[in-house]
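*Asks:* Have a look at this one before I ask anything.
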Amino acid sequence: MKKIVVIPGDGIGKEVIPATLHILQGLDLPFEYVYAEAGDECFEKYGTPLPEETLELCKESDAILFGAVGETAADVIVKLRQELDLFANVRPAKSMRGVKCLYDNVDLVVVRENTECLYKGYEFDVGDSAVAMRVITRKGCERIVKFAFEFAKREGRKKVTALHKANVLKKTCGLFKRTFYEIARNYDIEANDYYIDAGCLYLVTKPWIFDVIVTTNLFGDIVSDLTAGLVGGLGLAPSANIGERYALFEPVHGSAPDIAGKGIANPTATILSACMMLRHLGFSEVAEKIEKALKKVIAEGKTTPDLGGNLKTMEFAEEVLKACREV
Ligand code: NAI
Ligand code: MG
């Protein structure tokens with residue numbers, strides 16, 4: 001029996017998580033689901049957006065399935081990544097049949113460092129000004145670059161590209177770039193790098209030149225929304241936050257207050273995140289089945305409004321579950 005801690009959170013988190021669980025629970029997996037609270041509403045209720053109890057439950061879990069939170073994101077998801085040392089954030093972007101987007105041949109994965117950089121939270125006022133410190137450590141660079149190459153090797157991917165700004169941020173990005181090429185030498189996989197700004201240009205103009213991208217925290221946050229946009233939007237973008245001991249799976253998107261409460265959020269990103277969780281836990285065949293079913297449903301034009309359809313969040317999940325029983 002695997003213990004899955006489920007944190008729906010705020011806004012559409014409370015819609016896409018039940019839709020995803022509808023599918024998982026319909027497939028009779030040996031999972032125990034334990035619900036935990038975090039986020040804006042939790043803050044209003046208990047005075048803290050991330051109660052100690054939630055953190056403790058996470059530390060007893062085999063995996064965490066996270067929806068989204070709102071304005072407390074820095075104190076919840078960023079904190080969870082640091083507390084649980086979830087140093088690698090894996091964000092695949094792949095074109096899907098039936099989804100209108102710029103290109104139909106995108107298949108790349110952003111591996112984002114998840115614990116350092118400007119997101120360390122070292123920000124302070126200095127007189128009338130404000131300063132944020134960007135922390136990049138050798139250990140942090142080594143483990144994320146190694147993770148990216150090991151990931152590429154395991155997944156049969158051909159190239160790892162580092163994105164950085166080492167010409168301007170000579171110390172921090174310099175360390176990242178140097179470490180990247182040191183580690184790349186140990187692998188029989190092509191390695192190259194671009195400055196982050198040029199990399200963004202190429203991502204939009206010729207995304208097929210990318211395979212695995214590895215980058216620091218802030219750049220990775222921004223670039224992975226860009227790559228999500230390349231393949232049809234945030235409703236489709238899943239992610240895995242991986243550490244030595246813990247793992248948390250969540251859609252890339254936030255609580256989407258503009259559509260929350262209407263029951264129209266696309267649960268695909270969360271369903272695909274759950275598939276990443278299933279693979280992590282050793283249930284690859286089930287993950288395969290759900291992904292196949294999901295792609296079939298979308299290719300048939302049965303989608304939520306963000307993709308031009310008229311299905312509600314739960315109706316879409318029900319279609320996917322039905323298709324799971326057929327594939
Ligand atoms: P967002 O990701 O919530 O929404 C951006 C846009 O994408 C909106 O137009 C939204 O309607 C759309 N969208 C997002 N997910 C969708 C889905 N599943 N289906 C259909 N459309 C979808 O980002 P935004 O608006 O910048 O932030 C809203 C709140 O979320 C903020 O309070 C922010 O702090 C929080 N946030 C939380 C994150 C987390 O919990 N991991 C990550 C990003 C933002
Ligand atoms: Mg983000």
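*Asks:* Which is within 16 Å of ligand 1 (Cβ to nearest atom) and either within 21 Å of Lys146 (Cα to Cα) or not aliphatic (A, V, I, L, M) (or both), of Ile213, Ile242? Full working, then the answer.
*Replies:* Values: Ile213 fails: within 16 Å of ligand 1 (Cβ to nearest atom).
It is Ile242.
*Asks:* What is the number of the single condition among (1) within 14 Å of ligand 2 (Cβ to nearest atom); (2) of a type outside the set (Phe, Trp, Tyr); (3) surrounded by 20 or more Cβ atoms within 10 Å (Cβ to Cβ); (4) in a helix (DSSP H, G or I) that Leu203 does not meet?
*Replies:* The failed condition is (1).
A quick yes/no check of all residues on (1) farther than 21 Å from Ile136 by Cα; (2) over 12 Å from the mean Cα position of the chain (by Cα); (3) modelled with pLDDT of 95 or more:
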| position | (1), (2), (3) |
| --- | --- |
| Gly67 | yes, no, yes |
| Gly70 | yes, yes, yes |
| Val78 | no, yes, no |
| Leu84 | no, yes, yes |
| Asn89 | no, no, yes |
| Arg97 | yes, yes, no |
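*Asks:* Taking strands (runs of 3 or more DSSP E) that do not extend beyond segment 79-133, which have at least 1 residues that are charged (D, E, K, R)? Walk me through it before giving the result.
*Replies:* Numbers: elements: 88-94, 107-113, 123-126, 129-132.
Counting at least 1 such residues, we get 88-94, 107-113, 123-126.
*Asks:* Of all residues in segment 247-302 being within 21 Å of Phe31 (Cα to Cα), charged (D, E, K, R) and assigned to a helix (DSSP H, G or I), which is farthest from ligand 2 (Cβ to nearest atom)?
*Replies:* Checking each candidate, the answer is Glu285.
*Asks:* Across segment 303-327, which residue is nearest to Asp28 (Cα to Cα) among those that are among the basic types (Lys, Arg) and in a helix (DSSP H, G or I)?
*Replies:* Let us first name the residues in segment 303-327 that are among the basic types (Lys, Arg), namely 312, 322, 325.
Now restrict to residues that are in a helix (DSSP H, G or I): 322, 325.
Working: Lys322: 14, Arg325: 12 Å.
Looking at the filtered set, the residue picked out is Arg325.
*Asks:* Report whether or not Lys158 is surrounded by fewer than 21 Cβ atoms within 10 Å (Cβ to Cβ) and at pLDDT below 95. Working first, answer last.
*Replies:* Details: surrounded by fewer than 21 Cβ atoms within 10 Å (Cβ to Cβ): yes; at pLDDT below 95: no.
Criteria not met by Lys158.
*Asks:* Scan segment 229-239 for residues that are within 11 Å of ligand 2 (Cβ to nearest atom) and more than 10 Å from the chain's Cα centre (by Cα) and report the count. Show your work before the answer.
*Replies:* Step one: of segment 229-239, the residues within 11 Å of ligand 2 (Cβ to nearest atom) are 234, 237, 239.
With more than 10 Å from the chain's Cα centre (by Cα) added as a condition, the list becomes 234.
The total comes to 1.
*Asks:* Within the set of pairs 6+ apart or on separate chains, which have a first residue in segment 124-136 that is of a type in the set (Gly, Ala, Ser), a second that is surrounded by 10 or more Cβ atoms within 10 Å (Cβ to Cβ) and in a strand (DSSP E or B), and C-beta atoms under 9 Å apart?
*Replies:* Listed by first residue and then by second, the contacts come to Ala130/Glu123; Ala132/Glu123.
The values are calculated or read from the model by the stated rules, or taken from the named source; none is laboratory data. Quick caveat: nothing in here was measured; it's all calculated off a predicted structure. Reconstructed Cβ throughout: ideal geometry from the backbone, glycine too, with neighbour counts over all protein chains shown.
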